[in-house]
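Heads up: the structure comes next, in structure tokens.
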Amino acid sequence: MNYLKTGVEKLKEVKTYWVSPREGNYMPFREIFAYSVGGFGAYSIFTMAQALLLSTTNVIIGNTIGIQPMHMYVMYLISVITNIPLTMVRANMVDNVKYKEGKYRPYLLRMGVPTVAVSMLFVFTPYTRVPYIARCVLIFIYNFGLQFFYNFFYDAYENLIHVLSPNSQERTNVTAIKSMIYSLSPTVTNFITPLIANKVAGGNMYDLRVYRWLYPFIAVVGVALIVLVYSRTEEKIVIARTHKMKVKFTDALREVAKNKYFWIISLAGWLGFLETCTYVILQWLYNYAHLCTAEQYAFITLIRGTAYSWGMILAPFAIKRWGKKKVLIVTNLFNIAFLALVYPLMGSIWTVLLCMYMNSVADSFILVLNPAIQADIRDFQQYKSGERIDGMFGAVAMIGSFVTMATSSVLPAVYEKYGIFKGNGYENMYDVLYDTDVLYKLVGVLVILSAVGAALNVIPYFFYDLTETKQKAIIRILKIRAMFEDYGNGVLKDEDMIETMELIRSSKDKAENPHIADIKALKASGADKAELKRAKNDNEEYEMSLAVVDELKRFGTPEGKARLEWAKKISAGGIEGIVSLTQEDLEKAKAMPAATHSERAARKQAVADAKLGLRSKKACMKYYPEGIKAFDVDALHAMEKEENELDEKKAQMLREKAGKDEIAAVAARQKEILARIKEQTQEYQRFIESTMVYSEAKKYITQAENYARFGELDSLYSETLAIEE
């Protein structure tokens, strides 16, 4: 009865918060439903595209189409290199191209549909009628398309959760729900694939006919569900309403390079490259060792697929209780243990399944942990740099591509050592695995490599210290910064002011009247769970309150005052004064005292500001050798407005079937305006780069002036409350 009552209460809760979120949250259940169910469609497309991407272990390209391992490796290296400029383009589009739908939603359909189209071309190409070299060229062309469209589409869906809510625990909970639903997609696909193979290809799962039957169905379902995500979600970023961002790749690189959490997570991925070596073991034991029938293998894939549900169910509770860092470390230690157990038990596919199942359970936690951590890291980046850099993370992460290029040669070399190479005496180079001696030796090596990879993967996580409390404090600080910026620009809404001022007043009260509980003493005294929970919450609130109070005082600290003095000096010199900045400014900054934490922080900031000044001067000398002049932004905006109006006018004329000459005249004018916009946009970019130090100084002065108006805001808040009462 209790379960029935709980279920009824949950249904009532869903109904109550279907359209509007509950207090403290940002996503109504309708939005959670759309994002999560849409994940089934997204991952259906992901599964399809991932199976076709060039890699050193791609069985479709290697086994089915017959591309030699080392040729695949060379093609893979080329594809990684060509993907670098594509990554930069994607990053720039996400962060700098403005769509009313937001940062990521616009690309769900714009990139999802082309991903499906390229995948269809890939599997329906008649490779047996094409010479070997032509096959390599076609695969490379298809891969080039997938590298852009699929990667963009993948980032758009996966990163969308970062901007759907600034609440870390809510993001974690929604990610878990999404993961449980989307995990059904690869599970269903892996279950159906061997059955289709048994019917159309005599059980050969690497026959292209299998994918020609499977992929059209995936495409239809995938696109339909992506439309649901696009139409029923809304991005929410804690940032001032009038804030405009324009970030160069090199500037983003510098900013992200300072983010230690980005490097910790990236390093873990780079070190753990060997961990995935065992992904093919169950398939090989079925396909080459014949340790089970097709029906049994379909059952095995179905069972193993369910393992991922455990992490999705348990991760939010584990994270809430122990925090992301502890969960990361513990689950990775279990990974090592279960991978190592495969070695002595690989004589039976069922014992291997048991080990791989438990490994998948431990591994499944990362499906919830990774998006949650990535979102927290971006919040931290916005807090440190003042800019919401999302797409640029992917661009900077391409540094890992060079690491991957080096590490990806390991597996092909191992494969070749154990007989998988062209000219090994078999019609298909992988047929050597039908020799069980070769198969089991290679499987044993892969198991050892995977365990080593898992051990390397866990090491960086010990240095991760972005706690849940720190993340909550960061979001509060971002809200405060947004409030001051909007107030200074005259666009602050009453509801935003009331929410943030209540937060500030509450934080001041807690900071001035601390109530810090000794958790260990409470546990020793036998305090109940409710009392312990209250004590932990009080301690957390106090810690966050201190962060809020420090934020309000940041312009009054010695380092804040020193930077304000620098900003006023730069501002007084105007944009013309940028060329007068010298290397001596940098040397003076480096010579500043650094005995205390405060002094080190001030010196670090002064050095960064001096370097920014020298970069701006260099750009000035390059683009404006005869002297810099102010850029007319209003003129550029006027041209953009005219271009939009012309676009609408042309569309209307087409609907009304106007004369061809009239339409052509409008189109010609639009083309002319677009050319001027392109030219002026490039000029604007040069101007921004050349005046970056001046802009940064002016921004800092404005922030200080806005914070100095706290008394005005406090009075306005009191007046607003009095009126509402």
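The values are calculated or read from the model by the stated rules, or taken from the named source; none is laboratory data. These figures come from a predicted structure and were not determined experimentally. Backbone-built Cβ (ideal geometry, glycine too); neighbour counts: all protein chains shown.
Answer yes if at least one residue in region 20-37 is under 28 Å from the mean Cα position of the chain (by Cα), under 30 Å from Ile420 (Cβ atoms) and surrounded by 19 or more Cβ atoms within 10 Å (Cβ to Cβ), and no otherwise. First the steps, then the outcome.
In the first step, residues of region 20-37 are kept if they are under 28 Å from the mean Cα position of the chain (by Cα); the result is 20-37.
Those still in the list that are under 30 Å from Ile420 (Cβ atoms) too: none.
No; the residues of region 20-37 include none that is under 28 Å from the mean Cα position of the chain (by Cα), under 30 Å from Ile420 (Cβ atoms) and surrounded by 19 or more Cβ atoms within 10 Å (Cβ to Cβ).
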Filtering region 424-447 for residues that are among the aliphatic types (A, V, I, L, M) and either more than 15 Å from Val280 (Cβ to Cβ) or in the same structural domain as Asp538 (by TED's automatic domain parsing) (or both) leaves a count of 0
List pairs: first residue in region 477-498 and in contact (Cβ under 8 Å) with a residue 24 or more places away in the chain, second residue of a type in the set (Ser, Thr, Tyr) and assigned to a loop (DSSP other than H, G, I, E, B) anywhere in the structure, Cβ distance under 6 angstrom, at least six positions apart or on different chains. Asn489/Thr242; Val491/Thr242
Inspect all residues belonging to region 619-642 and state whether any of them is on the phi < 0 side of the Ramachandran plot and in contact with a Leu (Cβ under 8 Å, 6 or more places away or on another chain). no
Take the residues in region 223-261 that are within 25 Å of Lys324 (Cα to Cα) and at pLDDT 85 or above; name whichever of them is farthest from the chain's Cα centre (by Cα). Lys260
Positions within region 169-217 being surrounded by 22 or more Cβ atoms within 10 Å (Cβ to Cβ) and under 30 Å from Pro28 (Cβ atoms), in sequence order: Arg171, Thr172, Asn173, Val174, Thr175, Ala176, Lys178, Ser179, Tyr182, Ser183, Ser185
Do any residues in region 48-71 that are assigned by TED's automatic domain parsing to the domain that holds Ile133 and more than 17 Å from Val432 (Cβ to Cβ) have Cβ atoms under 8 Å from those of residues that are among the charged types (D, E, K, R) and assigned to a helix (DSSP H, G or I), where the two are at least six apart or on different chains, and which pairs are they? Ile65/Arg135
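Considering only residues of region 457-468 that are buried (at least 18 other Cβ atoms within 10 Å of the Cβ) and part of a helix (DSSP H, G or I), which is modelled with the lowest pLDDT?
Asn457
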Answer residue from region 619-638, given it is surrounded by 15 or more Cβ atoms within 10 Å (Cβ to Cβ) and assigned to a helix (DSSP H, G or I) and is modelled with the lowest pLDDT among those: Leu636
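Is it true that some residue in region 573-585 is in contact with a Ser or Thr (Cβ under 6 Å, 6 or more places away or on another chain) and touching a residue at least 40 places away in the same chain (Cβ under 8 Å)?
So in region 573-585, the residues in contact with a Ser or Thr (Cβ under 6 Å, 6 or more places away or on another chain) come out as 575, 578.
Still in the running and touching a residue at least 40 places away in the same chain (Cβ under 8 Å): 575, 578.
Within region 573-585, one or more residues are in contact with a Ser or Thr (Cβ under 6 Å, 6 or more places away or on another chain) and touching a residue at least 40 places away in the same chain (Cβ under 8 Å).
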Which number in (1) part of a helix (DSSP H, G or I); (2) over 26 Å from Arg686 (Cβ atoms); (3) of a type in the set (Val, Ile, Thr) marks the one condition that Ile516 misses? (1)
Which residue is nearest to the chain's Cα centre (by Cα), if the candidates are limited to region 641-652 and must be loosely packed, with under 15 Cβ neighbours inside 10 Å and charged (D, E, K, R)? Lys641
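Yes or no, residue by residue, for (1) under 30 Å from Asp155 (Cβ atoms); (2) part of a helix (DSSP H, G or I); (3) modelled with pLDDT of 90 or more:
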| position | (1), (2), (3) |
| --- | --- |
| Gln283 | yes, yes, no |
| Glu295 | no, yes, no |
| Leu302 | yes, yes, no |
| Ala337 | no, yes, yes |
| Phe365 | yes, yes, no |
| Val368 | yes, yes, no |
If you check Tyr430, Tyr440, which single one turns out to be assigned to a helix (DSSP H, G or I), in contact with a helix residue (DSSP H, G or I) (Cβ under 8 Å, 6 or more places away or on another chain), touching a residue at least 60 places away in the same chain (Cβ under 8 Å) and among the aromatic types (Phe, Trp, Tyr)? Tyr430
Restrict the check to region 199-208 and report whether at least one residue is within 30 Å of the chain's Cα centre (by Cα) and of a type in the set (S, T, N, Q). no
Quickly run through region 560-584 and pick out the residues that are surrounded by fewer than 18 Cβ atoms within 10 Å (Cβ to Cβ) and among the charged types (D, E, K, R). Lys561, Glu565, Lys568, Lys569, Glu576, Glu584
